[in-house]
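A quick write-up on the structure given underneath.
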Amino acid sequence: MKRFKFRYKETIVTILSESEEFFEVAVEAILEARSEIEEYILLHPEFLTSYEPIDCHGGEIVSRMCKAAKIAKVGPMASVAGTIAGFAVERMVDAGAEIAIVDNGGDIAIHTNQEILVGIYPTEFAFKVPPVDFLAICTSSGKIGHSVSFGHADAATVISKDSSVADALATALGNEIGDFGKEELEKTVSDFYNKYSDYIEGVFVVKNDLIAYAGSNPKIVIAKGNEDLITKG
């Protein structure tokens with residue numbers, strides 16, 4: 001498995017695969033997705049600025065984002081990173097990649113023929129992800145990163161087989177994490193999972209020294225993290 005870095009405008013990604021050939025496929029897909037989004041924004045500026053779902057009539061990428069936004073009841077840009085990551089992984093798999101992992105600023109799409117660890121920043125925990133055809137692990141934070149969140153979570157993570165939905169719902173989940181204690185955190189996480197269980201596999205939230213989770217998450221293990229591997233600007 002080889003690790004590659006790519007940055008273009010706001011998009012900062014880490015790409016893992018078995019060869020540079022598939023890295024190049026991923027980059028092409030990322031640029032294609034960004035081009036569609038940028039062209040749509042020029043014609044429909046509200047697509048960029050809305051914090052609520054809007055009606056969209058665009059191409060494949062825009063349509064995925066708007067569908068996810070309606071499910072999560074957030075703006076379409078809440079799913080941009082996960083959508084781009086998922087699209088790139090799909091293209092890599094179509095090109096023959098057996099390992100195709102795209103980490104777009106903490107929103108991760110995964111296709112792998114071997115077990116991998118996905119760290120949960122800023123904790124010492126990690127998901128042990130078994131070989132899987134496709135899985136998305138997307139995270140929102142009210143304390144870390146440049147994405148907009150109205151909550152207080154260190155990390156609000158959603159696991160789904162749809163990367164657009166995972167990203168949009170991670171934003172929605174993060175928005176619901178208030179400045180409250182253990183019981184209310186556990187209830188909020190449980191209620192959120194039950195509400196969206198048709199769309200997601202599981203949820204995992206870190207808030208200060210508290211952790212809450214629900215659903216069928218990958219196995220959680222202790223893992224020594226390396227901040228140099230974190231995809232960030």
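Which of the cysteines in the chain are isolated, no other cysteine C-beta under 4.7 Å?
138
Okay, helix-only estimate at 222 nm for the chain: each DSSP H run of n ≥ 4 adds -39500 (n - 2.57), divide by all residues, round to 500 deg cm²/dmol; what do you get? Kindly include the intermediate steps, with their values, before the conclusion.
Values: 6 runs with 85 residues, N = 233.
For the chain, the value works out to -12000 deg cm²/dmol.
If you stretched the chain out fully between residue 220 and residue 184, how much longer would it get, using 0.36 nm times the residue separation minus the C-alpha to C-alpha distance?
Working: separation 36, 0.36 × 36 = 12.96 nm, distance 2.23 nm.
Working it through step by step, the gained length comes to 10.7 nm.
Using +1 at the C-beta of Lys and Arg and -1 at the C-beta of Asp and Glu, which of 80, 42, 53 has the Cα lying farthest in the positive direction of the dipole of region 4-80?
53
Assuming R0 = 25 Å, what is the FRET efficiency of residue 57 and residue 24, from their Cβ-Cβ distance, to the nearest 0.05? Each step should come with its number before you reach the end.
On the way: r = 32 Å, r/R0 = 1.26.
Working from the Cβ atoms, E equals 0.20.
Any lysines with Cα under 18 Å of the residue 67 Cα? List them, leaving off those in the same chain fewer than 8 positions away.
161, 195
Between the DSSP loop rule and a limit of at most 14 other Cβ atoms within 10 Å, which GluC sites (Glu not before Pro) in region 1-103 are left?
On the way: sites: 10, 18, 20, 21, 24, 28, 32, 36, 38, 39, 46, 60, 90, 98; in loops: 10, 18, 98.
The qualifying sites are 10.
Counting other beta carbons within 10 Å of each residue's own, what order do 92, 1 fall into, fewest first? Mind dumping the intermediate values first?
Values: 92 28, 1 12.
Fewest to most other Cβ atoms nearby, the residues stand as 1, 92.
Check cross-link reach from residue 73 to the aspartates and glutamates: straight Cα distance under 14 Å, and skip same-chain residues fewer than eight apart.
52, 55, 167, 176
Do you know the relative contact order of region 2-226, to the nearest whole percent, from alpha carbon pairs under 8 angstrom that are 6+ apart? Please list the in-between numbers first.
Values: 507 pairs, mean separation 36.2, N = 225.
Taking the mean separation of contacting Cα pairs over the length of region 2-226, I get 16 percent.
Find, among the chymotrypsin sites (Phe, Trp or Tyr not before Pro) in region 174-207, those assigned to loop by DSSP (not H, G, I, E, B) with at most 14 other beta-carbon atoms within 10 angstrom. Walk me through the intermediate numbers first.
Working: sites: 180, 192, 193, 196, 199, 204; in loops: 180, 199.
Within region 174-207, the qualifying chymotrypsin sites (Phe, Trp or Tyr not before Pro) (loop, at most 14 other Cβ atoms within 10 Å) are 180.
Only the coordinates and a few stated rules stand behind these numbers; no lab work does. Source: prediction; values computed, not measured. Using ideal geometry, Cβ is built from the backbone for each residue, glycine included, and neighbour counts are taken over all protein chains shown.
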